[in-house]
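One structure below.
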Amino acid sequence: MKRGINTRCLHIEQDEKENNSFNNFGAISYPIYQTATYAHQGIGKSTGYDYSRLQNPTRNQLEKVVANLEEGIDAFALSSGMAAITLMMEIFKPGDHLIVEADLYGGSIRLFDNVSKKNGIDFTYLDCSSEDIESHIKENTKAIYIETPTNPMMNISDIEEISKVAKKHNCILIVDNTFLTPYFQNPLTLGADIVIHSGTKFLGGHNDTLAGFIVTNNEEIQEKLRFLIKTTGSGLAPFDCWLIQRGIKTLGVRMERAQQNAIEIAEFLKKQDKVTDVFYPGLPEHKGHNIIKKQARGYGAMLTFNIDSEQHAYEILENVKMIKFAESLGGVETLITYPTTQTHADVPEEKRLANGITPRTLRVSVGIEDARDLIAELEHVFAKLS
Ligand SMILES: *Cc1c(COP(=O)(O)O)cnc(C)c1O
């Protein structure tokens with residue numbers, strides 16, 4: 001019987017089978033191997049570790065856990081989510097074309113438009129939750145890159161349907177699974193070839209460490225990425241690997257609690273006169289509700305809403321106290337973000353507006369505080385609006 005996901009956040013079954021559990025003096029917390037290099041007993045006698053840019057035991061341990069959670073054959077731990085996406089883009093070459101979700105994380109759009117394009121890679125941005133992807137595939141299209149839910153508008157795309165289109169045209173499907181995490185969604189089991197994570201967010205979970213992951217179930221991609229990580233050198237440092245692994249131990253309890261709070265906040269926001277729209281895929285009226293229900297085990301803890309005026313958006317951001325006005329997401333503390341000037345500031349205005357990101361749009365990453373305290377703070381902030 002396959003072990004449950006909460007167990008797999010804590011234990012590596014393979015290590016028990018191989019009787020590795022008593023290595024490292026039986027330490028329950030996997031040690032931090034803070035070393036740059038490794039001694040050899042003689043020519044050709046490596047311990048399997050030669051230099052920490054190539055391999056580090058703490059990083060390998062974390063990569064095993066993440067590969068297992070995402071049902072992949074291998075995972076790569078990088079120094080940030082953007083480092084992961086940057087490394088992943090190295091599998092493409094000049095002349096390649098990618099179809100990408102239009103409502104992506106702003107940093108990914110910045111990378112594609114400013115770095116990947118310069119390297120000769122071409123992009124078509126589509127609303128992958130509603131537009132016909134197949135009609136935009138060209139002879140040189142090599143991949144489809146999506147997020148679901150999208151950031152920040154919470155659109156839901158059908159991973160299985162898009163993977164069928166990708167396979168038919170010999171493309172790979174890449175899914176940034178940062179918002180739902182492997183606790184709620186496993187894109188590889190739905191036909192994706194690569195999963196991306198900003199480990200900074202829910203996997204780390206404590207707003208204290210940057211990290212990123214690439215996970216794959218494709219041996220050819222795995223081999224390319226092993227070569228690239230050792231060549232480019234953006235692997236995650238041992239101490240940060242340890243912090244992320246510690247975060248993952250509580251992934252399940254954090255996701256459940258944060259999701260419960262998100263549902264309560266979404267219901268609260270719906271009742272506010274000054275709130276014009278609430279985008280949370282857990283709401284039955286959300287346009288992607290049935291798709292997310294089919295492909296995921298939960299709705300996550302991210303939500304976006306529109307307030308009635310730009311002035312009111314500013315007032316909310318200035319008046320929150322316990323909830324912090326900050327970038328980032330996925331930590332135990334609740335954060336509120338203004339995509340227009342923060343996460344999506346570098347996305348051209350017309351593109352932002354086309355995606356529905358207006359100056360009245362606010363994004364909330366719901367944490368694990370007591371829901372009644374979060375709602376009390378929001379009630380207070382709404383009552384003070386001019
Ligand atoms: C934050 C984020 C990234 C980038 O990750 P960093 O760890 O900040 O580099 C990529 N994708 C999504 C969906 C994100 O939220």
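The values are calculated or read from the model by the stated rules, or taken from the named source; none is laboratory data. Computed from a predicted structure; not experimentally measured. Cβ placement follows ideal geometry from the backbone for every residue including glycine, while neighbour counts extend to all protein chains displayed. Note: areas computed on protein heavy atoms with side chains; ligands, DNA, RNA excluded. Shrake-Rupley method; radii C 1.70, N 1.55, O 1.52, S 1.80 Å.
Which of the residues belonging to segment 166-209 are more than 11 Å from the ligand (Cβ to nearest atom), under 21 Å from Ser80 (Cα atoms), assigned to a loop (DSSP other than H, G, I, E, B) and not polar (S, T, N, Q)? Those that are more than 11 Å from the ligand (Cβ to nearest atom), under 21 Å from Ser80 (Cα atoms), assigned to a loop (DSSP other than H, G, I, E, B) and not polar (S, T, N, Q): Asp193, Gly205, His206, Asp208. Among the residues of segment 233-261, which ones are surrounded by 18 or more Cβ atoms within 10 Å (Cβ to Cβ), closer than 28 Å to Tyr33 by Cα and of a type in the set (A, V, I, L, M, F, W, C)? Hits for segment 233-261 are Leu236, Ala237, Cys241, Trp242, Leu243, Ile244, Ile248, Leu251.
Filtering segment 37-87 down to residues that are touching a strand residue (DSSP E or B) at 6+ places or on another chain (Cβ under 9 Å) and open to solvent by 60 Å² or more (accessible area, probe 1.4 Å), which residue is farthest from the ligand (Cβ to nearest atom)? Ranking the candidates gives Thr37 first. For segment 57-112, a tally of residues being in a helix (DSSP H, G or I) and under 26 Å from Gly356 (Cβ atoms) returns 10.
Kindly list the number of the only condition in (1) open to solvent by less than 60 Å² (accessible area, probe 1.4 Å); (2) in contact with a helix residue (DSSP H, G or I) (Cβ under 9 Å, 6 or more places away or on another chain) that fails for Glu264. Exception for Glu264: condition (1). Among the residues of segment 94-150, those identified as of a type in the set (Asp, Glu) and within 14 Å of the ligand (Cβ to nearest atom) are Glu101, Asp103, Glu147. Pairs are defined by a Cβ separation below 6 Å, a sequence spacing of at least 6 or placement on different chains, a first member in segment 24-40 that is over 20 Å from Arg246 (Cα atoms), and a second member that is at pLDDT 95 or above and not in a loop (DSSP other than H, G, I, E, B); the pairs so defined are Thr37/Tyr51.
Pairs meeting the criteria (first residue in segment 343-355 and outside any loop (DSSP other than H, G, I, E, B), second residue within 13 Å of the ligand (Cβ to nearest atom) and not aliphatic (A, V, I, L, M), beta carbons under 8 Å, at least 6 apart or on different chains) are Arg352/Pro339; Arg352/His344.
Just one of the listed residues (Ile292, Ile263, Ile323) is free of Cβ contacts under 8 Å to residues at least 60 places away in the same chain, among the hydrophobic types (A, V, I, L, M, F, W, C) and farther than 25 Å from Ser386 by Cβ, and it is Ile263. Yes or no: segment 324-342 includes at least one residue that is crowded, with 16+ Cβ neighbours inside 10 Å and over 21 Å from the mean Cα position of the chain (by Cα). Within segment 324-342, not a single residue is crowded, with 16+ Cβ neighbours inside 10 Å and over 21 Å from the mean Cα position of the chain (by Cα).
So that you can scan it fast, the table gives a plain yes or no per residue for (1) at positive phi; (2) surrounded by 23 or more Cβ atoms within 10 Å (Cβ to Cβ); (3) touching a helix residue (DSSP H, G or I) at 6+ places or on another chain (Cβ under 9 Å):
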{"site": "Asp208", "(1), (2), (3)": "no, no, yes"}
{"site": "Thr231", "(1), (2), (3)": "no, no, no"}
{"site": "Lys271", "(1), (2), (3)": "no, no, no"}
{"site": "Met302", "(1), (2), (3)": "no, yes, yes"}
